[in-house]
Amino acid sequence: MPAKTGSDPVGDDELLYRRIRKDLYSEAGPSPDAFRPTRHDETGLSVYRAALTSLTKAASGSPGKTYYVAVLRAGDLRNIGIVVTPAPLQDDPGHAELTNLTASNRRTAETADITAQMTRICREIHGPFSTLR
Amino acid sequence: MGETATLSEESLRLAVDTCADEASAAFSYLTNYVAALAKTPISFVRSKNNPATEAWQNLIDHKLIEWSRDPSMLEDDGIDAPSGETIRDAINLANFWKKQGWPAPTRIVPDSDGGIVFELEDNDVFCSYRLSLDRTLEHCVFQDMRLVRRKMYDFPVNAGF
């Protein structure tokens, strides 16, 4: 059943959007670094629930920058050990987090292993999308 | 026609053991693991006309040098652009590997901590070399996108190339 509010648990069949910097995607597919947390991802890697966030909104990042959007399925992420948790924001109820991919563990072997696997379970890539200045 | 070297898994391991402290150890490692994982001897071509040379030069000219002109193009929310020094190190490393005749990477990407990653994919083997701000080089080998090897090196620029 599709989520109705951002606090609803994320179902296995839900699709999630992950914004990717343009340099991290090519014909070869997404780089594992597309799924590597940054120093800002203190509580988890940000994704957006397709049932609650539009593709255009998920693709919107810093002004003047270009992005792709990877589509992942929550159940596929769980199958490789990733914890998917709702993390609604005031301006984006569809925000969720992958809570075992964080700033503090981004340099570990476990994160390298998981992010590499994520390149394989990625269902689709949309874009490029440019964010207006 | 270039010189073709056929390396057995055993000789590759020996080569890695004997040159572990040399500047080329990192990339020797890559070849070693590709061969070891494939469980068959591999061949590679060392030649001035090696297409890999052109691919390396394209990556150096159109990626690394382009970044060095304006590293800020790589900045983003939570993303540190590589410093000029890191990009110069990456260019030196790329030139070294190019001169050695090693296969060109599939892609070079900036990481979120001001580092630069060389990625090489060949069938079910994926290798990455992450050059970090602190000049360490992290080498990872994946088979079927599962991590099978991870090793850190001090950056070989300090070893004289």
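Throughout, read-outs are computed from the coordinates displayed, never taken from laboratory work. As the structure is a prediction and not an experimental result, all values here were calculated from the model. Using ideal geometry, Cβ is built from the backbone for each residue, glycine included, and neighbour counts are taken over all protein chains shown.
Some values worked out for this structure:
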{"read-out": "The range B:80-153 - Rg over Rh from alpha carbon coordinates, Kirkwood radius", "value": "0.97"}
{"read-out": "For chain A: rounded, prolate or oblate by the Cα gyration tensor [a/c cutoff 1.5]", "value": "rounded"}
{"read-out": "Backbone N under 17 Å from the A:E124 label point (7 Å along Cα→Cβ), restricted to the range A:69-98", "value": "A:69-76"}
{"read-out": "Volume of the Cα convex hull of the range B:59-120, divided per residue and given in Å³", "value": "69 Å³"}
{"read-out": "Förster-model FRET efficiency, 22 Å R0, B:N58 and A:T66, C-beta, rounded to 0.05", "value": "0.60"}
{"read-out": "Rough spin-label spacing in nm, given labels placed 7 Å along Cα→Cβ, for B:R135 and B:S83", "value": "1.0 nm"}
{"read-out": "Length gained when the stretch B:M73-B:D122 is fully extended (0.36 nm per residue, less Cα-Cα span)", "value": "14.7 nm"}
{"read-out": "Whole-number D in µm²/s for the range A:51-125 (Stokes-Einstein; Kirkwood sum over Cα pairs; 37 °C, 0.692 mPa s)", "value": "238 µm²/s"}
{"read-out": "Computed Rg/Rh of the range A:11-80, alpha carbon atoms with Kirkwood Rh", "value": "0.95"}
{"read-out": "Residues of the range A:92-128 with amide N under 17 Å of the 7 Å Cα→Cβ point at A:R78", "value": "A:96-101"}
